[in-house]
Structure formats: C-alpha cells, structure tokens
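Below: one structure, written as structure tokens.
The values are calculated or read from the model by the stated rules, or taken from the named source; none is laboratory data. Predicted model only: the values in this text are computed from it and were never measured. When we count neighbours, we look across all protein chains shown, and the Cβ atoms used for this are built from the backbone with ideal geometry, even at glycine.
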Amino acid sequence: MSRGGAGYDRHITIFSPQGRLYQVEYAFNAVKTSGLTSVALRGKDSCVVVGQKRVPDKLIDASSVSNIYKITPKIGCIMTGKYADAKAAVERIRQEAFKFQFENGFQIPVGHLAKRCADLSQVFTQHARMRAFGVETILVSIDDVDGPQVFKIDPAGQFFGYKACASGVKMEAAQNYFEKKVKGGTDTTTEETIRLAILTLQTVLTADFKSDELEVGIVEGEQPFRTLSETEIEAHLVAIAERD
C-alpha cells in the first residue's frame, strides 16, 4: 500500500484521492495478520467468547498469555490482533467502566461501554499524533434490561450488537457458519452455546483443538464473567467429539 498510496499513508488523517485512509486499513490488516480467530455467541441466558491460545515461546509461562479479559464483574471481552495494543486497549476500557461507576454509582451497561469505546477508537483516526489500535474488541455481558449482549468494536470506531460474531483471520468463514446455525435465533442453553462456539472455531480452522489450545470466557445469569479451566474445556471437547 505504501507505494500504491503515493505518500497518502504517511499520516492517519490524509485521505487518498479514492477516499481511503490507509493507516486505518493497516490497523484492520493487523488484526488478520495476528493469525488468530475469535468467536462470540449469545444464548438464552448466557454469552460465550472462544479464541485460540497460542504461546509464542516455549519458555513463556502459558498462564500469562491470554486474549480474554474481565472488564467489570459482569462484562468480559476478547481481543483479536496485536497483543501489546490489546493490553493498552483493555486498560483504557477498564478506566472508562470504573469512571462511569464512580460518577453514577452503578456499573456501566455494556451497550454504553461499547459506544464509549467506539467513540474513543474513532478519535484515534482524527489526529496525526495518534494511530488506530490494531485490535478488534468483542464485549459480552448480561444486561439487566436486554439480557445477553454481544458487541464488536473495530479499529475505525464502528460498533454493532450481534447474535453471533467473529474476528480475525477466518472471520468471514466463521460469520458464514454462524449464519447457517443461528438462523432461528440463539435460544440455546449455556452448554449448547459453549459447544456451538467451539465447534464453529474447529470447523472454520479445520482443526481438532486440545484443551490448552483454546480459551473460553462465559457470563451466565447473575454470575460474574469467568474463564473456563482446561478441565472444563476438555469436557466440552469430549462431548463435541462424541456427538459427531
């Protein structure tokens, strides 16, 4: 893009004659070049996020590597893209959530947090001294009014609520798979929701994962957001294999 852009990619605020912002496109490409795929799905009374867990070096403690984070007790997220950008983005999201609670006396609704995060991401495309984060964020929570909620925010500041969504290198394939499986809605139990999310990832990546190669985060009913242990993930993998 640098040669074809004829210098239009030197600042994030410069549009090309075709109306393109190359620096923003680079941020979207960074999500895909991370080599990871993440999916999120909402069920009848729960929300689930599933992603690949890839430890880049054998000497790294695997417990210190994760793309799933707890934002508040009721809100969790999965980040797909550049790991350092993800850590910075998570800190920013947490600050927004706790600032809202401090000022208003109650926890921030996930829809409001998604909008706030999208607004901040969009600001990062307006100033030459900034750059867009090379990550996509998926937020999940059980809203007191609207029930299970899934929101995805991209580097340009666009966000939508989803029944099911995906992010990363195999995003299109996962979205197509979800469109076939989630046509009639998402009225599934917690176990069915977890297994459908894992099965989607296995199908689009054509891989049989081990329990230490996946990360699963879940928020259910009044319970706080949490990640599943390897033992729990293994039980779901066995159930999927036996069903097939």
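Here are some notes:
- Positions within the stretch 106-126 being surrounded by fewer than 19 Cβ atoms within 10 Å (Cβ to Cβ) and of a type in the set (Ser, Thr, Tyr), in sequence order: THR125
- For the stretch 196-244, filtered to residues that are of a type outside the set (Gly, Ala, Ser) and in a strand (DSSP E or B), the residue that is farthest from THR80 (Cα to Cα) is GLU220.
- The combined condition, being within 20 Å of the chain's Cα centre (by Cα) and either buried (at least 18 other Cβ atoms within 10 Å of the Cβ) or among the aliphatic types (A, V, I, L, M) (or both), is not fulfilled by ALA235.
- Cβ pairs under 6 Å, 6+ apart, first in the stretch 74-97 and in contact (Cβ under 8 Å) with a residue 40 or more places away in the chain, second among the aromatic types (Phe, Trp, Tyr) and surrounded by 18 or more Cβ atoms within 10 Å (Cβ to Cβ): GLY76/PHE225; CYS77/TYR69; ASP85/PHE133; ALA89/PHE133
- Scanning the stretch 68-82 for residues that are among the polar types (S, T, N, Q) and closer than 20 Å to GLU222 by Cα yields a count of 1.
- The stretch 162-175 - residue that is surrounded by 14 or more Cβ atoms within 10 Å (Cβ to Cβ) and more than 12 Å from the chain's Cα centre (by Cα) and, of those, farthest from TYR69 (Cα to Cα): ALA173
- Residue list for the stretch 158-200, filter: small (Gly, Ala, Ser) and at pLDDT 90 or above: GLY161, ALA164, ALA166, SER167, GLY168, ALA173, ALA174, ALA197
- Screening the stretch 25-39 for residues that are aliphatic (A, V, I, L, M) and surrounded by 20 or more Cβ atoms within 10 Å (Cβ to Cβ) and picking the one that is nearest to GLY147 (Cα to Cα) gives VAL39.
- Qualifying residue in the stretch 180-195 (condition: within 18 Å of the chain's Cα centre (by Cα) and assigned to a loop (DSSP other than H, G, I, E, B)): no
Condition check ((1) surrounded by 16 or more Cβ atoms within 10 Å (Cβ to Cβ); (2) in a strand (DSSP E or B); (3) modelled with pLDDT under 85) across all residues:
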position	(1), (2), (3)
HIS11	no, no, yes
PHE15	no, no, yes
GLY19	no, no, yes
LEU41	yes, yes, no
VAL50	yes, yes, no
ASP57	no, no, no
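- LYS87 vs. criteria out of contact with any Phe, Trp or Tyr (no Cβ under 8 Å at 6 or more places or on another chain), surrounded by fewer than 19 Cβ atoms within 10 Å (Cβ to Cβ) and not in a loop (DSSP other than H, G, I, E, B): yes
- Test: GLY51 is touching a strand residue (DSSP E or B) at 6+ places or on another chain (Cβ under 7 Å), in contact (Cβ under 8 Å) with a residue 12 or more places away in the chain and not hydrophobic (A, V, I, L, M, F, W, C): yes
- For the stretch 160-179, the set of residues classified as outside any strand (DSSP E or B), closer than 13 Å to ARG42 by Cβ and of a type outside the set (Ser, Thr, Tyr) consists of LYS163, PHE178, listed by residue number.
- Any hit, the stretch 89-109, residues being under 28 Å from ASP208 (Cβ atoms) and modelled with pLDDT under 95: no
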